[in-house]
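The values are calculated or read from the model by the stated rules, or taken from the named source; none is laboratory data. Not measured: the values here are computed from a predicted model. Cβ placement follows ideal geometry from the backbone for every residue including glycine, while neighbour counts extend to all protein chains displayed.
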Amino acid sequence: MRKVACIGAGMTLFRRRLKETPKELCWEATRMALDSAKLEMKDVDAVVTGSAPDAFDGVHQKGEYYADGCGGFRKPITRVFTGGGTAVFSPIAAWWHVASGLADIVLVVNEEKMSSCYPHPQSVFAHIWDPILDRPLQPNLVWIFAMEMNRYMTVHKIKKEDIARVAVKNKRNAVAHPAAQLADAKITVEDVLNSEMMAWPVQRLDISPPSDGASALVLASADAVKRLHVESPVWFDGVGWCIDSTMWTDRDLYFPEYLARASQMAYKQARIDQPRKQIDFAEPYDPFDYKELHHMEGLLLCNKGEAPKLTREGVTQRDGDLPTCPSGGLLGIGNPIAATMGIKVGELYWQLSGQAGKRQIPKEIHTGVTNAWGDLMQFSSVVVMRA
Amino acid sequence: MKAKVRAKPKGVAWAGEELSQKQIDRGSALQTRYRPEAKYSWAAGQAMSRFLEELQNGKLIARKCHACQRTLFPPRMFCEQCYRPTDEWVYVKDSGTIETFSVSYLDKDAKRITEPIFVGVVSVDGASPQMGMMHYFGEVTKETIRIGMKVKAVWKPPPERTGSVLDIRYWKPIPEGRR
Amino acid sequence: MRVAIVGIGMTPFRPSTPEFSWKELMYDAATRAYADAGVDPRKDVGSFVTCAEDYWEGFGIFDEFVPDQLGAAMRPTCTVSGDGIQGLAQGAMQIQSGLFDVVAVESHSKASDLLTYPHIVQHALDPILNKPLRGHPNYLAGLEMDAYLRASGLTARDCAAVIAKNRTNALRNPFAAYPSKLTADEADRSPPQFDPLRALDQAALADAGIVLVLASERKARRFAATPVWLRGFGWGTDSPNLEARDWTTAKYAEIAAAAAYKMAKVTKPERAFQVAEVDDRFSYKELEHLEAAGLSKKGETARRLKRGDFALNGGLAVNPSGGSLGCGYILDASGLHRVAEVALQLRGEAGSRQVDRARNGVAVSWRGIPTATGGVAVLGVGK
């Protein structure tokens, strides 16, 4: 297994509506990533791209359509798509291009343009449900989160305030992120608890709304890192992914078992057997505030039901013992699905290479973990990085 | 751990030009509009065809796997755990337990509604534990609905059934102890 | 570290499969592959890769609907929004990276569930520059056929010979949906639809499912069947912009072939293989792909075709399966179909369509209009 490092990253702003086309968004993120790695497109051996439903951008086989924006012109380029899990999964696909020996330098570019979709990107989510079992009930996407959040809260007797704390932490953390759409230095738990009830128990400020954006990473083999004299490579030490059965109504939603499996796969490679001790910080996927807690437990960073306690005690603040979502997360920066790679794997890279600016975690850090989550409460991808 | 390279050169803005809904409505942001013609008719297949037929008969049906002994609901022709074809059809009851629920003030297009929709997952009596389906709950209020509540299906009258999960109008609470 | 194909599962190609849901079709293909390989997917398969596009299936995130029928519930599984050879490459790299020893790669077409196929193909066009032109997207194949024939010196009559060869080859293939004892004259008289593209130049859609089981070198020999070595693979994309593209050469096939041949150490592709399965979604594409993949030198293709070089036992059997023209076009799964057929040939399991002494073969795929993406896989048996 060849060693693989991240040597550059880039992303665009995340906003509800951006003027740039999907190709232009890709180009901007790619250009920034290549610049940061001091490389040109001719140095890139292969490209991987990740993007979630084609229906957002409004183009079938959209990976083909925006391939040129990613530098996929006359190169091998492949798109992978695991729903929301794509943000951390496409870097894994890029990882195996290098780890297998096929390529020395691989670009991974993730893009999402949700604003193209009318009347609202939400409508696309009507089509993620089973046509016979679920769709006739005319479900709204928020129902998924509401049902999972309710089950999680009820099984562990969690108070809504403890969940709201996550939204507050992340939206405040996001003030330090240049790309943030939803940063709010002054938001409080009361603000979250008083926000509009969407589908109980989910309220407006529990959710990260749709966004446009793109992000890119440059991955390199150990040989390339040496050859290029890369100063601060950040190594992929463990990768894992797992999907649960399609039959989501058959599972107990209080705990993401598939995430635990994916984590175990990644931790085994990274030689981590005590995650809470051996991991310095985490970027769990946080499209909703309760998801950060759900995923902390799925990442085996604490016992089931314990994540709210860690949050309440300040352990997950940027200056805490286990900084969690120091980027500001999806809640603070925005949620252009696959493009959130920039605030998950991208954040791990920027933190571990000391480039996180005002977001830089004050304590010494060497090991970080991130996950993304997708499909019908079903899939997770996990990456452990070290520097 | 301080690196000499910045994420982005100082003073250079991060890329992306924000647009507002107003700019789009006023036409100051140029757009191209297109509506895809995307129509599908999915073959229901063996398992779902029988499931839908039975719904029209006012019944819920499951499949049994003799290897793991699970009674699988919704029914499927292969057991995903044992990876083998399932063995027999088995009726299950139209009563169950609320595993989780939500009280929704949004419709399918994210528009606000005043009368909430009660929806969730009901695990069905007779199937293996926690095997169930998503459906509406009725004759409940925000205060009365809870996880663990025992419920029973309220069916549409036979002439109104079409072979759909909507042949059940909703699931309503039943007093504890009755099935 | 080498990777081998140790299991092949293919369902019969049919114009429609109303009795099966897409899940049941996938289950059928997977069951056959696992039985062929002698594996229990719950124990012996490490990872699962599916090649699919949302809009072919009619779902917002098709990835959700794949695991159970492949034996992949609670296992590493992913979707490649690409064609079969791109998926195959991901599976091979997963093995070569050391993560797994056995990976299953799946792709299928349930085109019969899709009521508005031409509209979906149109939906892949550039929204600003091309979509407004409307029209059935196969006009793009008509344009390309015209450009290619002018540049290559090949003729519509040559394309008709391809149609006849493939439809007739399909008579020997029990899996094929559209076998027909067609002559080149009959095919030539087919009415033009997107002139010069005629009705019969276009492969008809079919439903089918294909699963391949891949294994690492160290595990490959434990399986029952002769391992078919994946000696090389490659894929590539030319410009997605119709206006900026080379219309006379399948550039993606050149790029993919160069990468695959380099890996496989093939220096003279026109002599290296006994069998080639080459995308023929449109008849002219077979000829274009033969040239782009270096299997036939430009300027020689017409002569070789007429001489019968590409017939079943003409020296380089091209599409002995019948190709997409004879079997049916199964969308992005057609790339995996090409590979599966080569693998069956190399194992000596191709029945009455068997090519004598087939030891080395090549598969060339294309993702169809309006893409400029395809893959190449080089397969061989023996050492």
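Among the criteria (1) without any contact (Cβ under 8 Å) to a residue 24 or more places away in the chain; (2) out of contact with any Ser or Thr (no Cβ under 6 Å at 6 or more places or on another chain); (3) surrounded by 24 or more Cβ atoms within 10 Å (Cβ to Cβ), the one C:Thr31 does not fulfil is (3). The residues of the stretch C:322-334 that are touching a strand residue (DSSP E or B) at 6+ places or on another chain (Cβ under 6 Å) and hydroxyl-bearing (Ser, Thr, Tyr) amount to a single one, C:Tyr329. Against the definition (touching a residue at least 12 places away in the same chain (Cβ under 8 Å), away from chain A (no Cβ under 14 Å) and not hydrophobic (A, V, I, L, M, F, W, C)), how does C:Arg167 come out, yes or no? Considered against the rule, which asks whether it is touching a residue at least 12 places away in the same chain (Cβ under 8 Å), away from chain A (no Cβ under 14 Å) and not hydrophobic (A, V, I, L, M, F, W, C), C:Arg167 comes out as yes.
Looking across A:Asn150, A:Asn140, A:Asn194, A:Asn170, one residue alone is of a type in the set (S, T, N, Q) and in contact with a Pro (Cβ under 7 Å, 6 or more places away or on another chain). It is A:Asn150. For B:Trp89, the conditions (1) outside any strand (DSSP E or B); (2) without any contact (Cβ under 8 Å) to a residue 40 or more places away in the chain are fulfilled apart from (1). Restricting attention to the stretch A:128-138, the residues that are assigned to a loop (DSSP other than H, G, I, E, B) and either at the interface with another protein chain (Cβ under 7 Å from one of its Cβ atoms) or touching a helix residue (DSSP H, G or I) at 6+ places or on another chain (Cβ under 6 Å) (or both) add up to 6. Does B:Glu80 satisfy the condition of being surrounded by 14 or more Cβ atoms within 10 Å (Cβ to Cβ), at the interface with chain A (Cβ under 8 Å from one of its Cβ atoms) and either of a type in the set (A, V, I, L, M) or touching an Asp or Glu at 6+ places or on another chain (Cβ under 7 Å) (or both)? Answer is yes for this residue.
Output the residues belonging to the stretch A:40-61 that are within 9 Å of chain C (Cβ to nearest Cβ), assigned to a helix (DSSP H, G or I) and touching a strand residue (DSSP E or B) at 6+ places or on another chain (Cβ under 8 Å). The answer is A:Asp57, and nothing else.
Table: residues versus (1) part of a helix (DSSP H, G or I); (2) away from chain B (no Cβ under 11 Å).
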{"site": "A:Val155", "(1), (2)": "yes, no"}
{"site": "A:Ala164", "(1), (2)": "yes, yes"}
{"site": "A:Lys169", "(1), (2)": "yes, yes"}
{"site": "A:Ala174", "(1), (2)": "yes, yes"}
{"site": "A:Ala199", "(1), (2)": "no, no"}
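Is it the case that A:Ala93 is surrounded by 24 or more Cβ atoms within 10 Å (Cβ to Cβ), modelled with pLDDT under 95 and within 7 Å of another protein chain (Cβ to nearest Cβ)? Against the criterion (surrounded by 24 or more Cβ atoms within 10 Å (Cβ to Cβ), modelled with pLDDT under 95 and within 7 Å of another protein chain (Cβ to nearest Cβ)), A:Ala93 does not qualify.
Tell me yes or no: at least one residue of the stretch B:149-162 is facing chain A (nearest Cβ under 10 Å), in contact with an Asp or Glu (Cβ under 7 Å, 6 or more places away or on another chain) and part of a loop (DSSP other than H, G, I, E, B). No: zero hits. Within the stretch C:209-225, residues that are under 30 Å from C:Trp56 (Cα atoms) have Cβ atoms under 9 Å from residues that are charged (D, E, K, R) and part of a strand (DSSP E or B) in these pairs: C:Gly209/C:Glu106; C:Gly209/C:Lys110; C:Ile210/C:Glu106; C:Val211/C:Glu106; C:Leu212/C:Glu106, counting only partners at least 6 apart in sequence or on another chain. Of all residues in the stretch C:245-259, those that are of a type in the set (D, E, K, R) have Cβ atoms under 6 Å from Cβ atoms of residues that are at pLDDT 95 or above, 6 or more apart or on another chain, in C:Arg245/C:Asp238; C:Arg245/C:Ser239; C:Arg245/C:Ala372; C:Lys251/C:Asp238; C:Glu254/C:Ala292. Quickly run through the stretch C:110-149 and pick out the residues that are touching a residue at least 60 places away in the same chain (Cβ under 8 Å), more than 13 Å from every other protein chain (Cβ to nearest Cβ) and not in a loop (DSSP other than H, G, I, E, B). Residues satisfying the conditions are C:Leu140, C:Ala141, C:Leu143, C:Glu144, C:Met145, C:Ala147, C:Tyr148, C:Leu149. Taking the stretch B:37-67 on its own, how many of its residues are in a helix (DSSP H, G or I), buried (at least 20 other Cβ atoms within 10 Å of the Cβ) and small (Gly, Ala, Ser)? Qualifying residue count for the region: 2.
Every residue, every condition in (1) among the acidic types (Asp, Glu); (2) within 15 Å of the chain's Cα centre (by Cα), yes or no:
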site: B:Lys111; (1), (2): no, no
site: B:Glu115; (1), (2): yes, no
site: B:Gly120; (1), (2): no, yes
site: B:Ser123; (1), (2): no, yes
site: B:Ala127; (1), (2): no, no
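Across the stretch B:119-141, the qualifying residues are those that are touching a residue at least 40 places away in the same chain (Cβ under 8 Å), more than 7 Å from chain A (Cβ to nearest Cβ) and not polar (S, T, N, Q), and the one among them that is surrounded by the most Cβ atoms within 10 Å (Cβ to Cβ) is B:Val122. Contact annotation: residue pairs with Cβ atoms under 6 Å, 6 or more positions apart or on different chains, pairing a residue in the stretch C:64-81 that is under 17 Å from A:Val80 (Cα atoms) and more than 9 Å from chain B (Cβ to nearest Cβ) with a partner that is in a helix (DSSP H, G or I) and among the charged types (D, E, K, R), are C:Thr79/C:Asp63. Evaluated against (1) among the polar types (S, T, N, Q); (2) under 14 Å from C:Ala164 (Cα atoms); (3) assigned to a loop (DSSP other than H, G, I, E, B), C:Asn313 falls short on exactly one condition, (2).
All conditions but one from (1) buried (at least 22 other Cβ atoms within 10 Å of the Cβ); (2) more than 10 Å from chain B (Cβ to nearest Cβ); (3) in contact (Cβ under 8 Å) with a residue 40 or more places away in the chain apply to C:Leu25; the one that does not is (2). Take the conditions surrounded by 20 or more Cβ atoms within 10 Å (Cβ to Cβ), under 23 Å from A:Gly83 (Cβ atoms) and modelled with pLDDT of 95 or more and apply them to A:Leu217. Does it pass? When the stated conditions are applied, A:Leu217 passes them. Pull up the stretch A:201-228, narrow it to residues that are part of a loop (DSSP other than H, G, I, E, B) and more than 12 Å from every other protein chain (Cβ to nearest Cβ), then point me to the one that is farthest from B:Glu80 (Cα to Cα). Among those residues, the one meeting the criterion is A:Leu228.
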